[in-house]
Amino acid sequence: MTSTRGLEGVVATESSISSIIDDTLTYVGYDIDDLAENASFEEVVYLLWHKRLPKEDELAELKQQLSDNMALPQEILNHFKTYPIDKVHPMSALRSAVSLLGLYDDLSEDMSDEANYQKAINLQAKIATIVTAFSRVRKGLEPVEPRADLGYAANFLYMLSGKEPEDIEVEAFDKALVLHADHELNASTFTARVCVATLSDMYSGVTAAIGALKGPLHGGANEQVMKMLSEIGSEENAEAYIEEKLANKEKIMGFGHRVYRKGDPRAKHLREMSRQLTKLRGEEKWYNMSIRVEAAFTAQKPLPPNVDFYSASVYHSLGIDHDLFTPIFAVSRVSGWIAHILEQYANNRLIRPRADYVGPGMQKYVPINER
Ligand code: SDX
């Protein structure tokens, strides 16, 4: 038996949800560039779950279902108040709250298609409320109720700040959600599929996936990018900072990818959004700094920016707290996790690879007093 480190290049399943071929990303055959320019997040959710774009009435129904299911059980809001609020990372709070959500869903253990669809709606709707309500509760503010007249992206921003967002903010946030929705067999999606392939329930699969997304080599990188930009502080420091990090053999967050070689097709959209939003806010320094970091890094290593690099300055420009960046990734990616969980259930086989054992040979048990 030979092992492949990090399962690089291993094809672990068939899927008809998203594909990455020659650095082109598609959701169900639609180019991400086309979707980023034209589709709303709700249309993408429908596309991922039904493998086709919705008609008008189908989209309206999905929007209604999401809006009807956004409110959280009071128990979860109460639970937030019991967390050691000044120490808890919002990704940990999200992971715990999604797990808890399963306790208050009577359909949790019902594995019928109808129940699984209802759970999908429940998770997609409530994940936005969990992230925004937790963010407010930890600041001593009351959670804001979702508004039925707002779409998903607008509702998220509204529940976060309590103010109706500007159109340009909604447009940018919606596009960011579209860009993060699915990405083939990334680590968190694989985690979700491994979990539910034991025929465990959807809440367990999504909770496991949130745990995997949290790490800085995956979704956690966007928060780390903002930390780096804050450390750099001003544009003219960018080159020296990167040089020093690389001299110390440190990884630069937001660069490199296991699958892409020429570049992550999502990054250019986020770069342009970063340019526009930082200008709008009169805070061009974050965009300018990012551009200089990219130039300095890629001059030394041919590793283009990934989805996490420019999303940092985009979310910062939307006034979002930096430790909410990764939870926002989860708010979008849960749509992809759910699509993969449903696909796994539909054609399930336990996922159980082998390990190439490299430990000691056969040993004889030695009683504890003789060791
Ligand atoms: C996401 O998989 C997905 O689809 C994920 C994702 C999605 O939508 O789901 O696209 C979202 O997770 C994006 C990635 C976010 N992570 C980061 O930005 C963290 C920084 N990037 C790296 O740590 C790294 O590039 C990974 C984790 C993204 C990929 O890791 P690999 O494929 O295991 O590559 P590696 O760590 O083995 O690196 C190969 C070489 C090494 O150099 P050598 O030892 O061969 O000389 O490239 C170097 C690495 O040191 N390298 C970097 C680097 N990334 C790779 N060097 C400095 N900075 C980096 N960021």
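The values are calculated or read from the model by the stated rules, or taken from the named source; none is laboratory data. Here the structure is a predicted model, which is why all the values come from computation and not from measurement. Heads up, the Cβs are rebuilt from the backbone with ideal geometry, glycines too, and the neighbour counts pull from every protein chain shown. Surface areas here come from the heavy atoms of the whole protein model, side chains and all, with no ligands, DNA or RNA. Shrake-Rupley method; radii C 1.70, N 1.55, O 1.52, S 1.80 Å.
Details
- Test: residue in the stretch 310-331 that is touching a strand residue (DSSP E or B) at 6+ places or on another chain (Cβ under 7 Å) and either within 15 Å of the ligand (Cβ to nearest atom) or not charged (D, E, K, R) (or both): no
- When restricted to residues that are under 23 Å from Ser135 (Cα atoms) and either open to solvent by 20 Å² or more (accessible area, probe 1.4 Å) or in contact with an Asp or Glu (Cβ under 7 Å, 6 or more places away or on another chain) (or both), the stretch 166-202 contains 8.
- Single residue of the stretch 225-238 satisfying the filter (open to solvent by less than 60 Å² (accessible area, probe 1.4 Å) and not in a loop (DSSP other than H, G, I, E, B)) that is farthest from the ligand (Cβ to nearest atom): Glu235
- Identity of the residue in the stretch 296-310, in a helix (DSSP H, G or I) and either in contact (Cβ under 8 Å) with a residue 40 or more places away in the chain or not hydrophobic (A, V, I, L, M, F, W, C) (or both), that ends up farthest from Arg271 (Cα to Cα): Gln300
- Val88 vs. criteria without any contact (Cβ under 8 Å) to a residue 40 or more places away in the chain and not in a helix (DSSP H, G or I): no
- Applying a threshold of 7 Å to beta carbon distances and a minimum spacing of six or more residues, or different chains, the list of pairs starting in the stretch 346-371 at a residue that is under 19 Å from Arg5 (Cβ atoms) and ending at one that is open to solvent by 100 Å² or more (accessible area, probe 1.4 Å) and part of a loop (DSSP other than H, G, I, E, B) reads Arg354/Met1; Asp356/Met1; Asp356/Thr2.
- When restricted to residues that are open to solvent by 10 Å² or more (accessible area, probe 1.4 Å) and either at pLDDT below 95 or not in a helix (DSSP H, G or I) (or both), the stretch 311-320 contains 2.
One line per residue, one yes/no per condition, for (1) touching a Leu at 6+ places or on another chain (Cβ under 7 Å); (2) farther than 26 Å from Gln74 by Cβ; (3) assigned to a helix (DSSP H, G or I); (4) not aromatic (Phe, Trp, Tyr):
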residue	(1), (2), (3), (4)
Asp106	no, no, no, yes
Gln124	yes, no, yes, yes
Ala128	no, no, yes, yes
Tyr158	yes, no, yes, no
Glu171	no, yes, yes, yes
Ser188	yes, yes, yes, yes
Ala192	no, yes, yes, yes
Ile210	yes, no, yes, yes
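- One residue alone among Leu107, Leu123, Leu141 is under 19 Å from Val334 (Cβ atoms) and without any contact (Cβ under 8 Å) to a residue 60 or more places away in the chain, and that residue is Leu107.
- Beta carbons closer than 6 Å, at least 6 apart along the sequence or on distinct chains, pair a first residue in the stretch 239-263 that is away from the ligand (no atom under 12 Å from the Cβ) with a second that is open to solvent by less than 50 Å² (accessible area, probe 1.4 Å) and in a helix (DSSP H, G or I) for Glu239/Ala296; Tyr241/Ile232.
- Among the residues of the stretch 264-292, none is identified as on the phi > 0 side of the Ramachandran plot and either within 12 Å of the ligand (Cβ to nearest atom) or open to solvent by less than 20 Å² (accessible area, probe 1.4 Å) (or both).
- Residue that is farthest from the chain's Cα centre (by Cα), among those in the stretch 1-18 that are open to solvent by less than 80 Å² (accessible area, probe 1.4 Å) and without any contact (Cβ under 8 Å) to a residue 40 or more places away in the chain: Thr4
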